[in-house]
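Here the structure is laid out as structure tokens; the discussion comes afterwards.
The values are calculated or read from the model by the stated rules, or taken from the named source; none is laboratory data. Nothing here was measured: the structure is a model prediction, and the numbers come from that model. For neighbour counting, all protein chains shown are included, and Cβ atoms are generated from backbone atoms with ideal geometry for every residue, glycine included.
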């Protein structure tokens with residue numbers, strides 16, 4: 001089958017807060033500021049179905065990166081898209097599903113750089129960062145999913161999954177073939193908590209202050225003690241474990257229990273900070 005270029009536009013659940021684009025697998029993917037669409041052009045496909053499939057994959061990789069890099073958490077609306085194709089003969093084919101309503105939201109930072117004479121030599125607009133590079137990551141989709149839910153339990157679980165994915169990559173990169181060996185290294189009963197300890201040690205070895213600052217709002221945290229063991233215990237034992245089972249004989253956090261939900265909401269900023277930090281480590285140290 002002959003593959004020709006298509007342009008696919010997906011509707012987003014909210015307007016994009018910035019203008020940015022990327023190139024993924026020879027496709028251009030972009031969003032415009034205050035516009036509720038993501039546009040994927042130069043999609044090489046032999047049919048609408050193939051074009052939609054390829055465009056959807058590229059769009060989600062792109063949106064994952066916007067979530068990680070810019071805290072722009074956007075989702076594609078189901079069954080709302082437009083597909084356009086112009087054949088070599090000039091015949092135009094367009095398939096359109098209902099377009100989304102548009103609204104405006106904007107909170108930007110504009111930095112102006114001037115030389116000694118006062119002449120403007122550079123302008124940086126936080127909502128128009130231009131081109132970004134998108135590196136494939138299994139962890140970033142969990143981070144984005146965490147910000148597309150209003151349920152604190154689901155949000156925590158997905159943030160932890162993002163952290164866990166990067167943590168395991170760090171383990172492999174450090175040459176530790178068996179994660180159970182980490183229990184012996186850290187003297188812990190759980191290989192999973194040991195995995196988180198390893199990742200936090202690696203990520204914050206040079207400067208633990210940002211992690212200390214992020215954990216200070218937790219009432220059980222003592223900034224006079226070692227930060228990594230405390231944070232790993234807060235995130236793993238006090239939350240991840242208690243959200244992962246419902247055994248009657250064990251401590252757990254229960255949906256719709258006001259106290260449990262408030263406790264999870266209280267730890268979300270720390271969990272988000274850890275996940276975001278590990279994702280940044282993955283981007284700079286683990287992905288090519």
Given the conditions (1) touching a helix residue (DSSP H, G or I) at 6+ places or on another chain (Cβ under 7 Å); (2) on the phi > 0 side of the Ramachandran plot, report the number of the one that residue 234 does not fulfil. (2)
Looking at segment 47-80 only, could you name the residues that are part of a strand (DSSP E or B) and in contact (Cβ under 8 Å) with a residue 12 or more places away in the chain? 76, 77, 79, 80
Which one is modelled with the highest pLDDT, of the residues in segment 8-27 that are more than 20 Å from the chain's Cα centre (by Cα) and not in a loop (DSSP other than H, G, I, E, B)? 27
Any chance segment 20-37 includes a residue that's assigned by TED's automatic domain parsing to the domain that holds residue 80 and closer than 18 Å to residue 94 by Cβ? yes
Only residues that are exposed (fewer than 13 other Cβ atoms within 10 Å of the Cβ) and assigned to a helix (DSSP H, G or I): list them for segment 256-288, please. 258, 259, 262, 284
Residue list for segment 57-80, restricted to those being over 17 Å from the mean Cα position of the chain (by Cα) and at pLDDT 85 or above: 77
When (1) outside any helix (DSSP H, G or I); (2) under 20 Å from residue 129 (Cα atoms) are applied to residue 44, the one that fails is (2)
Near pairs, Cβ below 6 angstrom, 6+ apart or cross-chain, from segment 184-208 (not assigned by TED's automatic domain parsing to the domain that holds residue 164) to any residue that is crowded, with 21+ Cβ neighbours inside 10 Å: none
